[in-house]
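**Q** Before I ask anything, let me first share the structure, which is written out below as structure tokens.
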Amino acid sequence: MTTESTKWRGVAVVGALMLGAFAFNTTENLPIGILNLMSDDLGQSLSAIGLLVSGYGLTVALVSVPIATMTRSVPRRLVLCVLLATLFLASVVAALVSSYWVLLASRLVTAMAQALFWAVMGPSRSACFPRASAGAS
């Protein structure tokens, strides 16, 4: 592989990681603006619907270090592919099933995937480029 193709491969990987980060952040925060609508549609109290957001954030905070430790020997490329597939599948389930408990479960699964995504994304991004091209040395 030439240096130029390696550079563009790194740019493509960083772009894919950026889209993954955008998708995870959107999934985490999107319900905040529609809590009232979700409460009406699912027939749940506003506080129960709020748990879909706060439970997500709490799950990310609690499982990020343990899940990163458990998967540190797994290749990062495989981990990232599984995490993005998990995000996709959990989002499809959340969109198609109109049950509060299924929605809560799918959001918690997505939260666990996001917790590991942030732990794996940084090193994966850094590995795409030579150390000399890093910001400050």
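The values are calculated or read from the model by the stated rules, or taken from the named source; none is laboratory data. Because the structure is predicted, anything quoted here is derived from the model rather than measured. FYI the Cβ positions are ideal-geometry reconstructions off the backbone, even for glycines, and counts take in every protein chain you see.
**Q** Among the basic types (Lys, Arg) and farther than 16 Å from Thr27 by Cβ - does that describe any residue in segment 74-95?
**A** Yes, that holds for at least one residue.
**Q** Could you grab me the full set of residues in segment 18-45 that are more than 20 Å from Gln114 (Cα to Cα) and of a type in the set (A, V, I, L, M)?
**A** Ile34, Leu35, Leu37, Met38, Leu42
**Q** If you don't mind, another one. Across segment 103-123, what is the total count of residues that are buried (at least 20 other Cβ atoms within 10 Å of the Cβ) and of a type in the set (Phe, Trp, Tyr)?
**A** Total meeting the criteria: 1.
**Q** Return the total of residues in segment 15-55 being under 21 Å from Gly122 (Cβ atoms) and not charged (D, E, K, R).
**A** Applying the first criterion (under 21 Å from Gly122 (Cβ atoms)) to segment 15-55 yields 15-29.
Now narrow it down to the ones that are not charged (D, E, K, R): 15-27, 29.
Qualifying residue count, segment 15-55: 14.
**Q** Go through (1) crowded, with 18+ Cβ neighbours inside 10 Å; (2) in contact (Cβ under 8 Å) with a residue 24 or more places away in the chain one by one and return the number of the condition Ser98 breaks.
**A** Among (1) crowded, with 18+ Cβ neighbours inside 10 Å; (2) in contact (Cβ under 8 Å) with a residue 24 or more places away in the chain, the lone unmet condition for Ser98 is (1).
**Q** Let me ask something else about it. Return the pair list, or none, for Cβ contacts closer than 9 Å from residues in segment 3-17 that are farther than 17 Å from Arg77 by Cα and at pLDDT below 65 to residues that are surrounded by 13 or more Cβ atoms within 10 Å (Cβ to Cβ) and among the acidic types (Asp, Glu), at least 6 apart or on different chains.
**A** Short answer, once both residue conditions are applied: none.
**Q** Does Ala68 satisfy the condition of being surrounded by 13 or more Cβ atoms within 10 Å (Cβ to Cβ), within 16 Å of Leu116 (Cβ to Cβ) and touching a residue at least 24 places away in the same chain (Cβ under 8 Å)?
**A** Working: surrounded by 13 or more Cβ atoms within 10 Å (Cβ to Cβ): yes; within 16 Å of Leu116 (Cβ to Cβ): yes; touching a residue at least 24 places away in the same chain (Cβ under 8 Å): yes.
Spelling it out, Ala68 is indeed surrounded by 13 or more Cβ atoms within 10 Å (Cβ to Cβ), within 16 Å of Leu116 (Cβ to Cβ) and touching a residue at least 24 places away in the same chain (Cβ under 8 Å).
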